[in-house]
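Only one structure is covered here, and it is reproduced in the block below.
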Amino acid sequence: QVQLVESGGGLVQPGGSLSLSCAASGNIFKIYAMGWYRQAPGKQRELVATITSGGSTNYADSVKGRFTISRDNAKNTVYLQMNSLKPEDTAVYYCNAQVVSSYYSAYRDYWGQGTQVTVSS
């Protein structure tokens, strides 16, 4: 089994910054892409940013230039640096990882428990 543990959410004023982290542990042979998604009240979960094991990144248009995703493959950890935060960034942020648990298995998607980010004055 694989666990993803997130940390770093909280309350911040508009224009402020927050940093999220997500560490994967358990039965891990290899991790392909890792990413962050978010879900605001009454809305569907949406992609925020993803990063491959090689470091290629992809961002939602709404966060380009403000958020930066990175990862430490040795620590099986992904990070999200969020700058110039806006009230519309308020949501529960979820970590995702595509994990392969053995040489012969396909990857499975795992999710963190979610961490609340609130941007408000």
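The values are calculated or read from the model by the stated rules, or taken from the named source; none is laboratory data. All of these numbers come straight from a predicted model, not from anything done at the bench. Note: ideal-geometry Cβ built from the backbone for every residue, glycine included; neighbour counts use all protein chains shown. The area values use the complete protein model at the heavy-atom level, side chains included, leaving out ligands, DNA and RNA. Shrake-Rupley method; radii C 1.70, N 1.55, O 1.52, S 1.80 Å.
Here's a check for you: in region 50-90, which residue that is touching a residue at least 60 places away in the same chain (Cβ under 8 Å) and open to solvent by less than 30 Å² (accessible area, probe 1.4 Å) is nearest to SER120 (Cα to Cα)?
LEU85
Within region 16-35, which residues are more than 16 Å from VAL63 (Cβ to Cβ) and open to solvent by 50 Å² or more (accessible area, probe 1.4 Å)?
SER25, GLY26, ASN27, PHE29, LYS30, TYR32
Out of the strands (runs of 3 or more DSSP E) lying entirely within region 45-121, which hold 2 or more residues that are among the aliphatic types (A, V, I, L, M) and at pLDDT 95 or above? If you could, list the steps in order and put the result at the bottom.
Values: elements: 46-51, 57-59, 67-72, 77-82, 91-100, 108-111, 115-119.
Filter on region 45-121 gives 46-51, 77-82, 91-100, 115-119.
Against the condition surrounded by 19 or more Cβ atoms within 10 Å (Cβ to Cβ) and either in contact with a helix residue (DSSP H, G or I) (Cβ under 7 Å, 6 or more places away or on another chain) or farther than 18 Å from VAL2 by Cβ (or both), how does LEU47 come out, does it pass? Don't jump to the end; show me each part of the working.
Details: surrounded by 19 or more Cβ atoms within 10 Å (Cβ to Cβ): no; either in contact with a helix residue (DSSP H, G or I) (Cβ under 7 Å, 6 or more places away or on another chain) or farther than 18 Å from VAL2 by Cβ (or both): yes.
Here the answer is no, as LEU47 does not meet what is asked.
Mind listing just one residue for me: the one in region 91-106 that is farther than 19 Å from VAL5 by Cα and either of a type outside the set (Ser, Thr, Tyr) or in contact (Cβ under 8 Å) with a residue 12 or more places away in the chain (or both) and, of those, surrounded by the most Cβ atoms within 10 Å (Cβ to Cβ)? First the steps, then the outcome.
Here is the first cut: in region 91-106, the ones farther than 19 Å from VAL5 by Cα are 102-106.
Narrowing further to those that are either of a type outside the set (Ser, Thr, Tyr) or in contact (Cβ under 8 Å) with a residue 12 or more places away in the chain (or both): 102-103, 105-106.
Values: SER102: 10, TYR103: 7, SER105: 12, ALA106: 8.
Step by step, filter region 91-106, then rank; the result is SER105.
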